[in-house]
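Report on the structure given below.
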Amino acid sequence: MSGIEELINELCPDGVEFRPLRDVGTWHGGGTPSKSNAEFWQDGTVPWLSPKDMVVETIRATGLRVSVKALEQSPLKLVPAGSVAFVVRSNVLRRRLPIALVPFDVTLNQDMRAVIPHEDVLPEYLLQACRSRAESILAVAGRTDGSMAAIKSSTLLDFRVPIPPIEIQREVVGVLSRFSSLQAELELQLQAELERRRQQYGHYRDAILSFSDGEKVRWAPLSDLGRFIRGKRFTKADFEDAGIPCIHYGEIYTHFGTSATSVVSHLRRDNASGLRYAQPGDVVIVDVGETVEDVGKAVAWLGDEPVAIHDHSYAFRHALNPAFVSYIMQTSWFRREKAKYIARTKVNTLLVAGFGKIEIPVPTMKEQERIVDILDKFDAVVNNLSVDLPIEIAARRQQYEHYRDKLLTFKEVA
């Protein structure tokens, strides 16, 4: 028999009290001090909690703070530390109900409500009791307020949760805290393992593509090995579900890896003559980016038809193995060279004339294909880990939620 079961048999063998949320503590609403009064916001020291902050289970800081003057001269009130906060108006409520513990004094945005539990209710217990029932609360209290999703306050306050004796609350919180710590530790271990594999792969890729083992390999500037063909601009208005396959430069950051055989976007066919295309075997290189690392990111186009490219990218047309070239451009030594040819203006931009001066190794085609085959296998292992890791973490979180919900299921006293 577990410690919780023993306590239940001792303290409440006939069941547990279920209490409306309105009766578990003192509730507080919020507001927004006038944005036109700079003194209410400038050099603010008082945390101001809004739905944007409600992305974690325990709030550590708020994105905005208000001044003491805002507290003194507006209807805003300070909510004591140890509150449990709820988002009551936000379109995030179309998907989930954010609930969080706030362990410090805080003020609230008007789209928030918070409760300070009575002495016989632990804040940490109330947090878990409500989070375990968040879907049920949202199902009965959710509504639409114009174009915005919201929670009907009276229904929220009428919602009943189990409030066992505080000894049982304390035991439940302790068990869940230990389980959560173990889960967090496991997630860190999984992420660390993925990072180790990435570093290992990167080290091996750099080593195999450095040709520093005494093997004599010709090196040549990119501009001697091929030519750079700039794409032509297209806009959001040009996209459609089916049409001319295209690669938008933004997708090179977010979607594509070393190579690609299919696209995610298409353009209107009536615009065909106004576009510029990468041919199968070209390497598509993006020429702008928010960071220096983003600029010059490349993907080898291995599809079986031409693909339209944006004017913020170039097609490098050459006679090498395209995946070999793309792998070369991922190496640390190539990225260091590339950084010399990036204009660091408001938008980091590739200086393609200088970029073409970078020399790369040119082994035989047979050796290029052998290297690509090896690196493809390593790349697949790392990518599989990248896919499997979120799945594993999601499974562990579901396991935690199932265990939490089971711990927080009590028989109601008659």
Can you tell me which condition Ser50 does not meet? The list is (1) touching an Asp or Glu at 6+ places or on another chain (Cβ under 8 Å); (2) within 17 Å of Ala100 (Cα to Cα); (3) surrounded by fewer than 18 Cβ atoms within 10 Å (Cβ to Cβ), and all the others hold.
(3)
Among Ala150, Ala141, Ala129, Ala207, the single one that is hydrophobic (A, V, I, L, M, F, W, C) and exposed (fewer than 13 other Cβ atoms within 10 Å of the Cβ) is Ala207
Subset of the range 179-199, residues out of contact with any helix residue (DSSP H, G or I) (no Cβ under 9 Å at 6 or more places or on another chain) and surrounded by 15 or more Cβ atoms within 10 Å (Cβ to Cβ), comes to none
Here are some conditions: (1) over 30 Å from the mean Cα position of the chain (by Cα); (2) assigned to a helix (DSSP H, G or I); (3) surrounded by 16 or more Cβ atoms within 10 Å (Cβ to Cβ). Asp224 meets all but one. Which one does it not meet?
(3)
Those residues of the range 206-236 which are of a type in the set (Gly, Ala, Ser) and more than 20 Å from His318 (Cβ to Cβ) amount to Ala207, Ser210, Ser212, Gly214
Single residue of Gly174, Gly202, Gly231 found to be free of Cβ contacts under 8 Å to residues at least 12 places away in the same chain and either surrounded by 15 or more Cβ atoms within 10 Å (Cβ to Cβ) or closer than 29 Å to Arg19 by Cβ (or both):
Gly174
Could we say that Lys366 is at pLDDT below 90 and surrounded by fewer than 12 Cβ atoms within 10 Å (Cβ to Cβ) here?
no
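Scan the range 259-292 residue by residue and report those that are of a type in the set (Ser, Thr, Tyr) and either touching a His at 6+ places or on another chain (Cβ under 9 Å) or surrounded by 17 or more Cβ atoms within 10 Å (Cβ to Cβ) (or both).
Ser259, Ser265, Tyr277
Yes/no per residue for (1) under 27 Å from Asp241 (Cβ atoms); (2) modelled with pLDDT under 95:
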{"residue": "Asn271", "(1), (2)": "yes, yes"}
{"residue": "Gly274", "(1), (2)": "yes, yes"}
{"residue": "Ala278", "(1), (2)": "yes, no"}
{"residue": "Val286", "(1), (2)": "yes, no"}
{"residue": "Gly289", "(1), (2)": "no, yes"}
{"residue": "Glu293", "(1), (2)": "no, yes"}
{"residue": "Val307", "(1), (2)": "yes, no"}
Given (1) part of a helix (DSSP H, G or I); (2) of a type in the set (A, V, I, L, M); (3) within 28 Å of the chain's Cα centre (by Cα); (4) at pLDDT below 95, identify the lone condition not met by Ala149.
(1)
Which residue, of Asp287, Asp304, is over 16 Å from Gly356 (Cβ atoms), out of contact with any helix residue (DSSP H, G or I) (no Cβ under 6 Å at 6 or more places or on another chain) and in contact (Cβ under 8 Å) with a residue 12 or more places away in the chain?
Asp304
Can you tell me which of Ala38, Ala70 is among the small types (Gly, Ala, Ser), more than 23 Å from Ser153 (Cβ to Cβ), free of Cβ contacts under 8 Å to residues at least 60 places away in the same chain and surrounded by fewer than 21 Cβ atoms within 10 Å (Cβ to Cβ)?
Ala38
Select from the range 87-98 the residues that are over 12 Å from Thr58 (Cα atoms), outside any helix (DSSP H, G or I) and either of a type in the set (Ser, Thr, Tyr) or in contact (Cβ under 8 Å) with a residue 12 or more places away in the chain (or both) and list them in ascending order.
Val87, Val88, Arg89, Ser90, Arg96, Leu97
Tell me which residues, restricted to the range 116-140, are in contact (Cβ under 8 Å) with a residue 12 or more places away in the chain and either among the hydroxyl-bearing types (Ser, Thr, Tyr) or not in a helix (DSSP H, G or I) (or both).
Ile116, Pro117, His118, Asp120, Val121, Leu122, Tyr125, Ser132, Arg133, Ser136
Tell me, which residue of the range 376-411 that is among the basic types (Lys, Arg) and in a helix (DSSP H, G or I) is farthest from Gln199 (Cα to Cα)?
Lys406
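The values are calculated or read from the model by the stated rules, or taken from the named source; none is laboratory data. Here the structure is a predicted model, which means the values were calculated and not measured. All Cβ positions, glycine included, derive from the backbone under ideal geometry; neighbour counts span all protein chains shown.
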